[in-house]
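Here the structure is laid out as structure tokens; the discussion comes afterwards.
The values are calculated or read from the model by the stated rules, or taken from the named source; none is laboratory data. These numbers come from a predicted model, not from an experiment. Here the Cβ is made from the backbone with ideal geometry for all residues, glycine too, and neighbour counts use every protein chain on show.
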Amino acid sequence: MANLTTRFFGLDLKSPIIIGSSGLTSSVEKIKMLEKFGAGAVVLKSVFEEEIYAEFEDEFNKQSIGYANQEYLDYFDYEIKNDKVKHYLQLISEAKSSGVKIPIVASINCTSGSDWAFFARKLASAGVDALELNLFVMPSDVERDALAVRNYYFNTIKKVMTEVSIPVAIKISSYFSDLSLMIKDLSETGVAGITLFNRFYNVDIDIDTKELVPAKILSYPFEYLESLRWIGITSPIAKCDLAASTGIQDYQTAIKMLMAGASAVQVVSGVYKHGYDFIEEMNKSISKWMDANNYENLNDLIGVASSKSVKNPTLYQRVQFMKHFGGFTGSEEE
Amino acid sequence: MTTLEEYLKDRREQEWRVELRKKLKGKERTDIPRVHMPEVDPNERVKYQNMEVNTGLSKEQAIVEASRCMDCANPTCMEGCPVQINIPEFIKNIERNEFGEAAATLKQTSALPAVCGRVCPQEKQCEEKCFYKTKLNKEAVAIGYLERFAADWERESGSISIPECAPSNGIKVATIGSGPSSLSFAGDMIKLGYDVTVFEALHEIGGVLKYGIPEFRLPNSIVDTELENMKQMGVKFEKNFIVGRTASFDQLKEDGFKGFFVGSGAGLPRFMNIPGENYNGIMSSNEYLTRVNLMNASSDEFDTPVLKGKNVAVIGGGNTAMDSVRTAKRLGAERAMIVYRRSRAEMPARVEEVKHAIEEGIEFINLANPLEYYADETGRVNKMRLQHMELGEPDASGRRKPVEVEGLESEIDVDLVVVAVGVSPNPLIPACLPDLKVSKWGTIEVGENMQSSIPVIFAGGDIVRGGATVILAMGDGRNAAKSMHEYLSENN
Amino acid sequence: MNRIVEKEFFSKNVVKLVVEAPMIAKSRKPGNFIILRVSENGERIPLTIAGADEQKGTITIIAQTVGVSTEKLAKMNVGDSLHDLVGPLGKATEIHNVGTILACGGGVGIAPLLPIIEGFKKAGNRVISVLAARSKDLIILEDEVRKWSDEVIIMTDDGSHGKKGLVTQGAEEVILREKVDECIAIGPAIMMKFTSLLTKKYNIPTQASLNALMVDGTGMCGACRVTVGGKTKFTCVDGPEFDAHQIDFDEMMMRLGGYKKEEKADMEQYMSK
């Protein structure tokens, strides 16, 4: 029987299948089910500073009577912030006291330094096993150059790590012009893991109304390809564990990620699409495949097809379609 | 039944008002500059907690100021008044030296004009809509100062008109709390002939008027005079009585109470939940002001202590923050500082309070927000770290949002910190009435007639609105009295 | 109103007063406290209700003279009236039948413990009470406690009564010899802290009743805030009892000393008059 234990978030996990930050983990019952069906760890839905601020604006608009209660609403964002923290604290303590054994990881996404520190501190004190910093800066601000963005990432990690003593991991996007170097440098900050890549909320256009609308929410399976490439490229140079995220919806993809060098994978859409059984199936199928291919421990699988291990690593870096390296024959199976 | 418009028109056409308007030409009126309220010199007044800053207009000053009022055919000032006091009528009464009439006019609508004249943010209410401001771009008529004048004159003259009360109908009603909304409710109900009891949890009647607003802004004696009047009218006051604890609502119903008005206010303190906030020397504005205003802690003759500081920081920008920082100054602070995350112009405090504070030497540290507090080995705060901010895009309040300037932090020495970032609705009553519909944030939900989800329970003031103004609370009390009277009349 | 009908000194510094308060006598439950003012210039001080007689309409309070206000209180006589008295405040003790209760009372903390012991005994529990104080004359209400306990162990620092030792020694003896289902500890903060550490070792659920500084006592000011399980709670409305194993006792004790300087100065001024 294959041994599926692995290590990520600085913690030992009984399965490489981590439930990513989403609504799947929003209640104690749900977390217990995820554990029951074999998840190795769960990441709670991100605490978003932006969302708190949006809720504050909503409350403000609902409650404001102009100057007459301006003083009452002036610091109301703190009420909302503290209320949100209370909610998370309750979820975490109820989950822990109801016997959940798998690690519970809190996720935060902020823009201001003081809020990163505030949420990190509060969630750590609630008893979560690790923190995942959902670190992302949208490079759409023409006033902010690459160096400023880079500094922001490192300053934030440093700030959070001085506030808490539990493991701090990060989840990033691929929006870096020096992605390899970034991952290498980030891995040397002492973070307990880097997850590649955050999946975006995407925007679409309704051509009838000319308005912006949300694009399809759940990921398409093929979206795994970007994470696969970069796990393959950077796993040999990263000083910390890596995890893959986005588009992992069957066991083969999970195995590919592990082979590329990931220690674990984060799944969300797969569970939304196929239910809790998906997790059990994944574990079973990976296990079966490992047995059939003589892998006793998951560890033995990790990195066997990374850029360090494969015969032709430069393929990981190929992006241009050239006839010399194999072209389109006109009958590609989608 | 006349509409308000018709009523005002009628009153305006009274002979005395017509004559009064003719006495001065328009330009003679508009040429008069706005009166300056006499104030105690700042260096003198910071030595005393109990010295009122504004000393009040003299008779002559009041009459001249009143003559500035144009007695507009369409009095826009009234649009700014949350309870629509008949402003032109009371002002014109002052002009014609009928101060008692002026007070009576005020009292038709406002239960506590001596209070409102002092604490209303007139610059955002009546005075903002004054003809002088909107059409002439000049300083408004000093409506607030005149209101205070008339109310004070009546009180000091000793000839306070006790309004006539309807014959007693024997129906018992209760208020929970004794602040402006409850007092306003009680005042109206007693006039309608009800048997009114005001229940107050603390040992003094008056609610926030006593424990929250300092002597130098609103002397407690003024509140006491109003209470005396109400006692004379027959209102009963029960101190040290917590409805829901000392006796339950059911017990009170058994005792014969048919209607309840909940005016328990927003007396729950708020903290920011940042590191070090529980060190000694860091307290809520409620605690600080209650010690000084209610318990007279600044006086040696009273037993309650209050912590004094050399370097005092008050976090916040509203009236409570102003009250706290100016109290600290009076208690001997060398540095009395306001730490507010927005700019000075955006502070919600009354303009006059900010002006007085500046005169008194209060330091304003704007665009700064506390991050953490530090303490000495006994646990007493001795330092705080500040995050500096800049103004970003406007937020829902229309003011520019304070945004952190990454990495820009500083530290200041403090030995006393007062957290004045707002207050929340008092949870006592909702806690003892599980069927009462309450919002997520603790406010009691009521209809337009101030009736709650429990038919015999009405509510108003801060417990319904969250922290808001005294005048709105009073308006709610009057509204609730009218509604409860209708309800009890129908259901008896 | 609020007339003192009975007065007794248990020792030089501990006084018992029985006060007329019919409404409070009727609505109070074990664990509740009151706030009183001795005079018009007085401080608002919290004191636990040690007992009540609904028939007579009276409540019993027991106070130790630790400062100006309690000194003034102790000087009042039968027939005098308290200027202000309000209650019942705080959450009542959760009393249920769990089996064996270990009640630990330190010094004047025995007073608020008494109604709780009575409550648990009436609910059908086996009650073992450990009373502790520095010396014999500081052990109060021994007879009343015996009435409602299956066993009483007395511990004194100097051995002048019962056994020589601290409350924790008496408590541990009980824990080691029989199964204890729940523990209540009331007394000086340091006593509650160490009792709590002891029971935590043995995984015995424990409630402690805190004596924080208060001003209004109705949840209005936050002076009485304590950290329980990482969250801020108000002793006057969320307490005064809390899960002892979650209380940050060190912070609580630090906050209790917040006015030491002012209290000392006030006392000196009062004594000099």
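Please determine, by comparing only the residues of the range C:76-99 that are part of a loop (DSSP other than H, G, I, E, B) and among the acidic types (Asp, Glu), which one is nearest to residue C:121 (Cα to Cα).
First, the residues of the range C:76-99 that are part of a loop (DSSP other than H, G, I, E, B): C:76-80, C:82-83, C:90-99.
Adding the requirement that they be among the acidic types (Asp, Glu) leaves C:80, C:94.
Numbers: C:80: 35, C:94: 13 Å.
Only one residue tops the list, namely C:94.
What about residue A:106, is it more than 12 Å from chain B (Cβ to nearest Cβ) and either in contact with a Gly (Cβ under 9 Å, 6 or more places away or on another chain) or surrounded by fewer than 21 Cβ atoms within 10 Å (Cβ to Cβ) (or both)? For residue A:106, the condition - more than 12 Å from chain B (Cβ to nearest Cβ) and either in contact with a Gly (Cβ under 9 Å, 6 or more places away or on another chain) or surrounded by fewer than 21 Cβ atoms within 10 Å (Cβ to Cβ) (or both) - is not met. In the range C:95-117, is there at least one residue being within 14 Å of chain B (Cβ to nearest Cβ) and surrounded by fewer than 19 Cβ atoms within 10 Å (Cβ to Cβ)? No - not one qualifying residue is present in the range C:95-117.
The residues of the range A:203-246 that are small (Gly, Ala, Ser) and buried (at least 23 other Cβ atoms within 10 Å of the Cβ), listed by number, are A:227, A:232, A:235, A:243, A:244, A:245.
Count of the range B:8-55 residues, restricted to those that are of a type in the set (Ser, Thr, Tyr) and within 29 Å of the chain's Cα centre (by Cα), is 2.
In the list A:262, A:254, which residue meets the criterion of being in a helix (DSSP H, G or I), within 15 Å of residue A:195 (Cβ to Cβ) and touching a residue at least 12 places away in the same chain (Cβ under 8 Å)?
Values: A:262 fails: in a helix (DSSP H, G or I).
When all the criteria are applied, what remains is A:254.
Here C:12, C:56, C:29 are screened, and the one residue that is under 15 Å from the mean Cα position of the chain (by Cα) and either of a type in the set (Phe, Trp, Tyr) or more than 9 Å from chain B (Cβ to nearest Cβ) (or both) is C:29. All of B:184, B:157, B:161, B:178 fail the test of being among the polar types (S, T, N, Q), in contact with a Gly (Cβ under 9 Å, 6 or more places away or on another chain), surrounded by 23 or more Cβ atoms within 10 Å (Cβ to Cβ) and within 30 Å of residue B:35 (Cβ to Cβ), apart from B:184.
Residues to consider are A:84, A:96; find the one that is within 12 Å of chain B (Cβ to nearest Cβ) and assigned to a helix (DSSP H, G or I). If you could, list the steps in order and put the result at the bottom.
Working: A:96 fails: within 12 Å of chain B (Cβ to nearest Cβ).
Being within 12 Å of chain B (Cβ to nearest Cβ) and assigned to a helix (DSSP H, G or I) holds for just one of A:84, A:96, which is A:84.
Residue check: is residue B:360 of a type in the set (D, E, K, R), in contact with a strand residue (DSSP E or B) (Cβ under 9 Å, 6 or more places away or on another chain), crowded, with 17+ Cβ neighbours inside 10 Å and closer than 23 Å to residue B:39 by Cα? Against the criterion (of a type in the set (D, E, K, R), in contact with a strand residue (DSSP E or B) (Cβ under 9 Å, 6 or more places away or on another chain), crowded, with 17+ Cβ neighbours inside 10 Å and closer than 23 Å to residue B:39 by Cα), residue B:360 qualifies.
Quick one: which of C:136, C:121 is among the basic types (Lys, Arg) and surrounded by fewer than 19 Cβ atoms within 10 Å (Cβ to Cβ)? Explain how you work it out, then say what you get.
Numbers: C:121 fails: surrounded by fewer than 19 Cβ atoms within 10 Å (Cβ to Cβ).
Answer to the check: C:136.
Going through the range B:305-361 one residue at a time, which ones are among the polar types (S, T, N, Q), within 14 Å of chain A (Cβ to nearest Cβ) and out of contact with any helix residue (DSSP H, G or I) (no Cβ under 9 Å at 6 or more places or on another chain)? Write out each step before concluding.
Start the filter on the range B:305-361 by keeping residues that are among the polar types (S, T, N, Q), which leaves B:311, B:319-320, B:324, B:327, B:343.
Subset that is within 14 Å of chain A (Cβ to nearest Cβ): B:319-320, B:324, B:343.
Passing the criteria: only B:343.
Counting only residues that are free of Cβ contacts under 8 Å to residues at least 24 places away in the same chain and within 22 Å of residue B:97 (Cβ to Cβ), how many does the range B:24-58 have? Step through it out loud before you land on a result.
Taking the range B:24-58 and keeping what is free of Cβ contacts under 8 Å to residues at least 24 places away in the same chain, we get B:25, B:27-28, B:31, B:36, B:38, B:40-41, B:43-44, B:55, B:58.
Remaining after also requiring within 22 Å of residue B:97 (Cβ to Cβ): B:25, B:28, B:31, B:36, B:38, B:55, B:58.
Total meeting the criteria: 7.
With the structure loaded, tell me whether residue C:11 is among the small types (Gly, Ala, Ser) and modelled with pLDDT of 95 or more or whether it fails that test. Answer is no for this residue. Taking the criterion of being among the aliphatic types (A, V, I, L, M) and more than 25 Å from residue A:119 (Cβ to Cβ), the only residue of the range A:32-47 that qualifies is A:33. Once the range B:403-426 is narrowed to residues that are within 14 Å of chain A (Cβ to nearest Cβ) and not in a strand (DSSP E or B), the residue that is nearest to the chain's Cα centre (by Cα) is B:422.
Counting only residues that are surrounded by fewer than 24 Cβ atoms within 10 Å (Cβ to Cβ) and more than 12 Å from chain A (Cβ to nearest Cβ), the range B:458-492 holds 12 of them.
Restricted to helices (runs of 4 or more DSSP H) entirely inside the range B:161-236, those with at least 1 residues that are closer than 30 Å to residue B:418 by Cα and within 14 Å of chain C (Cβ to nearest Cβ) are B:208-211, B:220-233.
Counting only strands (runs of 3 or more DSSP E) that sit completely within the range A:156-246, those holding 1 or more residues that are farther than 28 Å from residue A:120 by Cα correspond to A:203-206, A:211-214. Given the criteria within 14 Å of chain C (Cβ to nearest Cβ), polar (S, T, N, Q) and not in a helix (DSSP H, G or I), does residue B:293 qualify? Taking the combined requirement at face value, the residue does not satisfy it.
Of the helices (runs of 4 or more DSSP H) lying entirely inside the range B:77-150, those containing at least 1 residues that are modelled with pLDDT under 95 and of a type in the set (Gly, Ala, Ser) are B:77-80, B:99-109, B:113-119.
Taking the options B:267, B:281, name whichever one is facing chain C (nearest Cβ under 9 Å), buried (at least 20 other Cβ atoms within 10 Å of the Cβ) and farther than 16 Å from residue B:203 by Cβ.
Working: B:267 fails: farther than 16 Å from residue B:203 by Cβ.
Selected residue: B:281, the only one of B:267, B:281 that is facing chain C (nearest Cβ under 9 Å), buried (at least 20 other Cβ atoms within 10 Å of the Cβ) and farther than 16 Å from residue B:203 by Cβ.
Note on the range B:239-264: among residues that are assigned to a loop (DSSP other than H, G, I, E, B) and within 9 Å of chain C (Cβ to nearest Cβ), the one that is farthest from residue C:262 (Cα to Cα) is B:248.
Can you find a residue that is among the β-branched types (Val, Ile, Thr) and under 30 Å from residue B:483 (Cβ atoms) anywhere in the range B:272-283? Within the range B:272-283 (the criterion being among the β-branched types (Val, Ile, Thr) and under 30 Å from residue B:483 (Cβ atoms)), the answer is no, since none of the residues qualifies.
Mind checking whether some residue in the range A:17-32 is charged (D, E, K, R) and in contact (Cβ under 8 Å) with a residue 60 or more places away in the chain? Checking the range A:17-32: at least one residue is charged (D, E, K, R) and in contact (Cβ under 8 Å) with a residue 60 or more places away in the chain. Within the range A:26-48, the set of residues being in a helix (DSSP H, G or I) and either among the aromatic types (Phe, Trp, Tyr) or surrounded by 24 or more Cβ atoms within 10 Å (Cβ to Cβ) (or both) comprises just one member, A:31.
For the range B:362-380, what are the residues that are on the phi < 0 side of the Ramachandran plot and either within 10 Å of another protein chain (Cβ to nearest Cβ) or part of a loop (DSSP other than H, G, I, E, B) (or both)? I'd like the intermediate steps shown before the answer.
Of all residues in the range B:362-380, those on the phi < 0 side of the Ramachandran plot come to B:362-366, B:368-378, B:380.
Result: B:362, B:369, B:370, B:371, B:372, B:375, B:376, B:377, B:378, B:380.
With a cut-off of at least 1 residues that are surrounded by fewer than 24 Cβ atoms within 10 Å (Cβ to Cβ), hydrophobic (A, V, I, L, M, F, W, C) and more than 11 Å from every other protein chain (Cβ to nearest Cβ), name the strands (runs of 3 or more DSSP E) lying wholly within the range C:165-259.
Details: elements: C:182-186, C:206-209, C:225-228, C:231-234, C:241-243.
Passing ranges, in order: C:225-228, C:241-243.
One residue stands out in the range B:467-489 among those that are without any contact (Cβ under 8 Å) to a residue 40 or more places away in the chain and of a type in the set (Ser, Thr, Tyr): the one that is nearest to residue B:319 (Cα to Cα), namely B:483.
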